[in-house]
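The values are calculated or read from the model by the stated rules, or taken from the named source; none is laboratory data. Note that this is a predicted model, so its numbers are computed, not measured. Cβ coordinates were reconstructed from backbone atoms using ideal geometry, including for glycine residues, and neighbour counts include every protein chain displayed. Side chains are part of the model used for accessible areas, which takes the heavy atoms of the whole protein and leaves out ligands, DNA and RNA. Shrake-Rupley method; radii C 1.70, N 1.55, O 1.52, S 1.80 Å.
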Amino acid sequence: LEHAYDVIMVDARGHGLTEVPRDGFTWEALGEDLAAFIRALGLDRPNLMGHSMGADTVAQVAAHYSDLVGRAVLEDPPWRDPEATPVDRQASVDRFRTSILDSQRLTREQLIARAREQSPTWPEDELGPWAESKLQVSPRVAEIAGSPREPWRVTAGQIVAPTLLITAEPGKAIVTREGAQEALRLMRRGRELHIPGAGHCIHREQFGLTIAGVEEFLREA
């Protein structure tokens, strides 16, 4: 997107080179961080785009800080049914932490080799940054999965900005066909970009289709 836009890529807390605070690994904190970032830089209603956890962060900002957002792009946000119970959330924390630690037992080169084997359709230039991100993320980030959060329907119903929901193959991605249709009914100005066959990392598996849809959506601003 950098040929047409000023692109600012924001690391969530505990990711990349950002600090690892003693507490505050919650869904709400991630939204507050992004809102504070936009205000601190004096950005004028920027377009926001996020994938997975980042998509939920963008949705939270669009829902609760509508004056800060131009357009929103949500790539397969973790909007699941039924809503997680406390037991489910703790199990998610344990799985998430184990996944982070397992990845960090490997070298960058080993992670890249694993990605080539497990995700052969990913572009080669994605693999290095992806591997580095796995080595940089703090295991503390797993605590986010245990944090209660606003039901996704409540969030979607409060989003007033033009919003593109990017979805993929049911069973391979998170958002279901039924969930996508309901989200579009709840969002005041929502539309869907559905990419059949792709899994959760839609932009990596089908980069051309994803970026074409995003560019078309942003050009309407």
Taking all protein chains as present, what is the carbon and sulfur share of the accessible area of the range 145-207, in % to the nearest whole number, probe 1.4 Å? 52 percent
Please list, by residue number, everything in the range 191-207 whose backbone N is under 18 Å from a paramagnetic label point 7 Å out along Cα→Cβ of Leu1. 191-195, 201-207
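Between Ser147 and Ser133, what length in nm is gained on full extension when 0.36 nm per residue of separation is reduced by their alpha carbon distance? Don't skip to the answer; put the middle values down first.
Values: separation 14, 0.36 × 14 = 5.04 nm, distance 2.24 nm.
Gain on stretching Ser147 to Ser133: 2.8 nm.
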Simple spin-label estimate for Thr98 and Val10 in nanometres, 7 Å along Cα-Cβ: 3.3 nm
Could you give the nm distance between label points at Glu117 and Leu184, where each point is 7 Å from its Cα heading toward the beta carbon? 4.0 nm
Scan the chain and hand back the longest stretch that contains none of the chymotrypsin sites (Phe, Trp or Tyr not before Pro) lying in DSSP loops with at most 16 other Cβ atoms within 10 Å. 66-221
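How many percent of the alpha carbon pairs in the range 58-128 exceed a separation of 15 Å?
Values: 1812 of 2485 pairs.
In whole percent, the share of Cα-Cα pairs in the range 58-128 beyond 15 Å is 73.
Quantify how much of the Cα-Cα distance distribution of the range 156-221 extends past 20 Å, in percent.
Percentage above 20 Å: 29.
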Extension gain (nm, one decimal) between Ile211 and Lys172, 0.36 nm per residue minus Cα-Cα: 12.1 nm
Listed residue (Val69, Leu111, Pro123) projecting farthest to the positive dipole end of the range 43-141, Cβ model: Leu111
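Between Arg219 and Arg80, what is 0.36 nm times their sequence separation minus the Cα-Cα distance? Round to one decimal in nm. It would help to have the intermediate numbers written out before the result.
Values: separation 139, 0.36 × 139 = 50.04 nm, distance 3.01 nm.
Full-extension gain reported as 47.0 nm.
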From DSSP H assignment alone, runs of 4+ in the chain each adding -39500 (n - 2.57), the sum over residues rounded to the nearest 500 puts [θ] at 222 nm at -14000 deg cm²/dmol
When N counts the residues of the range 1-153, how does its alpha-carbon radius of gyration compare numerically with 2.2 N^0.38 Å, as a ratio? 1.10
Residues with amide H under 5 Å of Gly190's amide H, sequence separation 5 or more or different chain, H placed in the peptide plane at 1.01 Å from N; which? Thr163
